[in-house]
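The values are calculated or read from the model by the stated rules, or taken from the named source; none is laboratory data. Predicted model only: the values in this text are computed from it and were never measured. FYI the Cβ positions are ideal-geometry reconstructions off the backbone, even for glycines, and counts take in every protein chain you see.
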Amino acid sequence: MTTTPKILTAIFLTGLAVLPQTSLAQTPEITFDSVQNPLQIPANLLFGEVAGVATNSKGDVFVYTRTGHPSITIGTMRPFVHGGSRLFQFDRTGKYTREIGKDTYSFLVASQVRVDKDDNIWVVDEMANTVHKFDPQGRIVMLLGRRAEAENVPARAGNTADGSGQPTDLFNRPTDVAWDAAGNIFVADGAGNNARIAKFDKEGKFIKSWGKKGTGNGEFGSVLSLAVDPQGNVYAGDGGNKRIQIFDNNGTFKSAITTVANPQAMCMTKGTTPVLFVSNSNPWNDFDTAGEIYKMRLDGTVLGKFGRAGKVAKEFGTTNSLDCRTETSLYVGELVNLRVQKLELH
């Protein structure tokens, strides 16, 4: 029996099935260029593993990068971990302008940076289990989560008090943050034991969370990236289960997109008819496979793909962050290649 477009639309609206998918073998290639030296970092600074890259409404670029391993000071009753990540800002021409949050208490292992509609800068730190909100002037105005007061030595630092998946405003290795039109905050608490999405109101008050480890609808192998569409639906990159899950604003499962094998990074363009860009990132044990980035409609229809695994321009090494304010200009943050690429799509 042939399924008509009207039936497919009904399936999507009821959320009872996987969204219609495009055969990857038939996916058209998108032509693109990589801008040479898009960011001029000073000679005395270096990018480490670029975990996050984002832009504001003025075109300024923010890079949250792992510049080295955090250090633990021991020999006291309170082993203290510090260092490891930094947040840099560049103007729209790529000129370095400043560092934000230098020596901040919870800058340990960078996970993501995002910029909201009011140009506030949000920083997600995986080791500190925190999400910082900076205003456009670079002042901290909100903190979600809490880092440990002291670290277990030699155990890995982190939030060992939770990990149960129960509703809480404490995180276990958060990975991303997004917002709806009302200002509600969604945090992907996704790389640790929780594997969930936590929802807060615009003032930072915890509302609810949903998800746990598993393979069923509403369960996650890992939640690596988030995006929210104009209707308030939440898109979660479930890399562990090779899919993007879509929920309504209260966490009810609607549907899933299974086109991209490992959706580690994701971004959604602005406007009333946005599109998704999703990276099929390299596995940690094989940097020579995958790496391509897909462009798709919100119903899962793949419009095209570009790039591949590699180390030269127009190739990607474990893309952890995508920024796409338009359909033709993207920034890509790469962990393995220690860089930011600016792409112009044709």
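Just a few scattered comments:
- Here the strands (runs of 3 or more DSSP E) wholly within segment 227-346 that include at least 1 residues being within 24 Å of Thr215 (Cβ to Cβ) and hydrophobic (A, V, I, L, M, F, W, C) are 234-238, 243-247, 253-257, 263-268, 276-280, 293-296, 302-306.
- Hits in segment 47-74 (condition: closer than 28 Å to Ala178 by Cα and assigned to a loop (DSSP other than H, G, I, E, B)): Phe47, Gly48, Asn56, Ser57, Lys58, Gly59, Asp60, Thr67, Gly68, His69, Pro70
- Residue in segment 212-227 that is closer than 20 Å to Val275 by Cβ, in contact with a helix residue (DSSP H, G or I) (Cβ under 9 Å, 6 or more places away or on another chain) and buried (at least 16 other Cβ atoms within 10 Å of the Cβ) present: yes
- Yes/no for Met268 being crowded, with 16+ Cβ neighbours inside 10 Å, under 20 Å from Ala51 (Cα atoms) and touching a residue at least 24 places away in the same chain (Cβ under 8 Å): yes
- Inspection of segment 69-78 identifies no residue that is closer than 13 Å to Leu45 by Cβ and surrounded by 14 or more Cβ atoms within 10 Å (Cβ to Cβ).
- Taken as a whole, segment 323-330 holds at least one residue that is over 19 Å from the mean Cα position of the chain (by Cα) and either modelled with pLDDT of 95 or more or crowded, with 24+ Cβ neighbours inside 10 Å (or both).
- Test: residue in segment 2-12 that is buried (at least 17 other Cβ atoms within 10 Å of the Cβ) and at pLDDT 95 or above: no
- Criterion (surrounded by 12 or more Cβ atoms within 10 Å (Cβ to Cβ), at pLDDT 95 or above and of a type in the set (Ser, Thr, Tyr)) met by exactly one of Thr55, Thr22, Thr31: Thr55
- Here Phe247, Phe277 are screened, and the one residue that is surrounded by 16 or more Cβ atoms within 10 Å (Cβ to Cβ), within 21 Å of Asp180 (Cβ to Cβ) and either out of contact with any Leu (no Cβ under 8 Å at 6 or more places or on another chain) or among the charged types (D, E, K, R) (or both) is Phe247.
- Test: Ser209 is surrounded by 18 or more Cβ atoms within 10 Å (Cβ to Cβ) and more than 16 Å from the chain's Cα centre (by Cα): yes
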